[in-house]
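Below is one structure, written out as structure tokens; comments come after it.
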Amino acid sequence: MIDWLIASIPLFKIVHIAALVVWCGGLLTLPLMLARHNPNGLADDYRIVRKATHITYTLCVTPAAVIAVIAGTWLIFLREAFVPWLFAKLVFVALLVVAHAWIGHIVVKIAEEPDDHRPPRPIFPLFAVLIPVIAVLTLVLAKPAFDGITFPDWLLEPRGGQLPFEVPS
Ligand code: HEM
């Protein structure tokens, strides 16, 4: 691989880790901020919670998630990390994205239905975030070999199949 691309790996890692600190930290903070929402409270208090959660979600947490995923995707190719722990990690990253979307849904519901909508107890979204984060960190730091898992040949070798239509050579 080109030398300067290899030299850029630490840079991608810094960006990846910095972005995921903001992403995961934000996802852990938002449920606690949302728990401050009280439908019977003062309009001013409501405005503060609504604005703070909206800005945190749209301007910090979501852009950080996008940056973390883009930098992580580059790292797959730069580190040539086509290995089982990476695929297992991506399963838990997908769960983290689901938790991200759920918290976004709560932020929107509180903005649109301030009188009717009560946020869930923070423990539920906190666990929805913490479980995948701990699993991802365990996988990426321990990098287990998963030697016990064997894949069938048809998953490991090109099958030489033809596409059902003509492709330009
Ligand atoms: C689509 C999302 C993601 C992709 C594609 C991705 C991919 C990668 C890749 C390929 C590496 C380099 C591994 C190596 O150098 O051996 C890496 C490093 C790392 N990732 Fe991710 N990652 C993603 C999301 C996350 C998340 C959500 C977390 C934590 C919650 C995380 C934590 C880390 C850490 C701590 C490292 C540094 C590990 C080391 O250098 O040994 N990643 N990531």
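The values are calculated or read from the model by the stated rules, or taken from the named source; none is laboratory data. The structure presented is a predicted model; accordingly, all values stated were derived computationally and were not measured. Glycine gets a Cβ as well: all are built from the backbone with ideal geometry, and neighbour counts include every protein chain shown.
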Residue match in the stretch 37-49 (condition: modelled with pLDDT of 95 or more and either in contact with a Phe, Trp or Tyr (Cβ under 8 Å, 6 or more places away or on another chain) or surrounded by 16 or more Cβ atoms within 10 Å (Cβ to Cβ) (or both)): no
Every residue from the stretch 1-44 that is within 11 Å of the ligand (Cβ to nearest atom), more than 27 Å from A128 (Cβ to Cβ) and in contact (Cβ under 8 Å) with a residue 60 or more places away in the chain: I9, F12
Helices (runs of 4 or more DSSP H) wholly inside the stretch 1-112 containing at least 1 residues that are in contact with a Pro (Cβ under 6 Å, 6 or more places away or on another chain) and of a type in the set (A, V, I, L, M): 9-34, 84-112
Any pair with Cβ under 8 angstrom, 6 or more apart, that starts in the stretch 45-71 at a residue that is of a type in the set (D, E, K, R) and ends at one that is loosely packed, with under 14 Cβ neighbours inside 10 Å: D45/N38
Looking only at the stretch 58-92, and only at residues there that are within 30 Å of A111 (Cα to Cα) and not β-branched (V, I, T), the one that is farthest from the chain's Cα centre (by Cα): L59
Whichever residue in the stretch 81-118 is exposed (fewer than 14 other Cβ atoms within 10 Å of the Cβ) and among the small types (G, A, S) and, among such residues, is nearest to the ligand (Cβ to nearest atom): A94
